[in-house]
Amino acid sequence: MNNINQILFFILAIFLLLYFGSSFLIPFVFGIFFAALMTPFSNILEKYKINRIFSSLISTLVIFIVAGGILSILIWQLYLFMSEIGPVRNEIESVIQDIQNQITSLFGLSLEEQKELWQNRSDSILNAIEIWLTNVLGNILIIIANFLLVLVYVYLLLYYRNKLFHAVLMFVNPEKEIKARGILNNISYLAYHYLWGRVKVMAILGIMYYITFLIFGIPYAILLTIFGALITIIPYLGPLISGLLPILFGIIYLQDLPVILLFVAIIITEQLIESYVFEPMIIGREVKINPLIVIIAITLGAMIWGVAGMILFVPMFAIFKIISSNTPGLEPVGYFFDTSGGYRNGESGDRPK
């Protein structure tokens, strides 16, 4: 009973720490993952006799140029979209009107009855979208401030990475140092491999999306491409939103039903290729965790850190899987977190031996 109470107290303490420390932890954790992503590049620079100060600075500038450029384009596209929200609303209302006419001809449901069912809902959806976009644009200064703070963390973590590594090892008994080094190296590899794999998968999906949008003449192609590619970093939920948004724009702006069906089929095919071909091939199974744990991570992340938690908690849980798999007493946790199905060694009885 005491052990159960200790475990529950520990879980509660972690939850409170994550929740009340979110303003500090979110940019810091982003900084950790970006630093892990740029560590190999920084090491290459230092092999060419570039000082640690400058290698860390150059690596941070790369993050600033790439991530800052994408963020700037996204904010600019959102601003353009908001400035033209009136015509978009008119297009959506026109599509709704066409759908209502079709329902009337097929089911005999009058327009007045349909308006009572859908008018308030459609208006509330459109108003919610406008409010969300307005809030995003209104929080630009906060977004920029957090991004700059992340860059500071990236530079300092890169500069002090060796010192941080050895400081962690100082907590380990000398006879377990080799194993601890292996765990830290595995964690570093996972963070790098997960992020770099995600970047490549999102880039490939973005290229496929943009070409498709240009071919079909979908407006706001850049906005849909950037948002559609970035949102896929959230497992399961991200790809769903990434596919539904272009389909919605296709239904709104494409006139002919065969063209709409072809567009929908292409978007779904691109999503399937991204999820079942490129993602397993590029990211690999070694950074995957049990789908149940992924859903739990996304749910808890949304509850505690919002969208940032939905992005960060999955790799954080994957790191915890590595730690628990190599920590005496926590092996069952690591085993359950793993992607392999069934019982160990192919067991199929009522309970694991």
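Laboratory data are not the source of any read-out in this text; all were calculated from the coordinates shown. Computed from a predicted model, the values in this text were never measured in an experiment. Every residue, glycine among them, receives a Cβ derived from its backbone with ideal geometry; neighbour counts consider all protein chains shown.
Simple spin-label model, 7 Å along Cα-to-Cβ: D338 to N185 in nm?
2.0 nm
Tell me, what ³J(HN,Hα) does each residue in region 49-58 have, in order and in whole Hz, if you take phi through Karplus 6.51 cos²θ - 1.76 cosθ + 1.60 with θ = phi - 60° and put x for Gly and Pro?
Along region 49-58, the couplings run 6, 8, 4, 4, 4, 6, 5, 5, 5, 5 Hz.
Amide H of N290 versus every other amide H placed in the peptide plane: which residues, excluding those fewer than 5 positions away on the same chain, fall under 5 Å?
D338, T339
Taking 29 Å as the cut-off for C-alpha to C-alpha distance, list the pairs among K47/K163; K49/K321; K179/K200; K47/K200; K49/K179 that go past it.
The answer is K49/K321; K179/K200; K49/K179.
Can you list residues whose amide H is under 5 Å from I234's amide H, if they're 5+ apart or on another chain and H is modeled 1.01 Å from N?
Placed amide hydrogens put nothing under 5 Å from I234.
Using the scaling law 2.2 N^0.38 Å as the reference, what is the normalised Cα Rg of region 207-345?
Here the Cα radius of gyration is 1.28 times the empirical estimate.
Order these by the 10 Å Cβ neighbour count, fewest first: H193, H166.
Exposure proxy ranking, most exposed first: H166, H193.
Rank these for me by crowding, E331, E274, going from fewest to most other beta carbons within 10 Å. Intermediate values should be presented prior to the final figure.
Details: E331 12, E274 22.
In order of increasing Cβ crowding within 10 Å: E331, E274.
Using the Karplus curve 6.51 cos²θ - 1.76 cosθ + 1.60 with θ = phi - 60°, what ³J(HN,Hα) values do you get for each residue of region 268-274, in whole Hz, with x for Gly and Pro?
Once rounded to whole Hz, the list reads 5, 4, 5, 5, 5, 4, 5.
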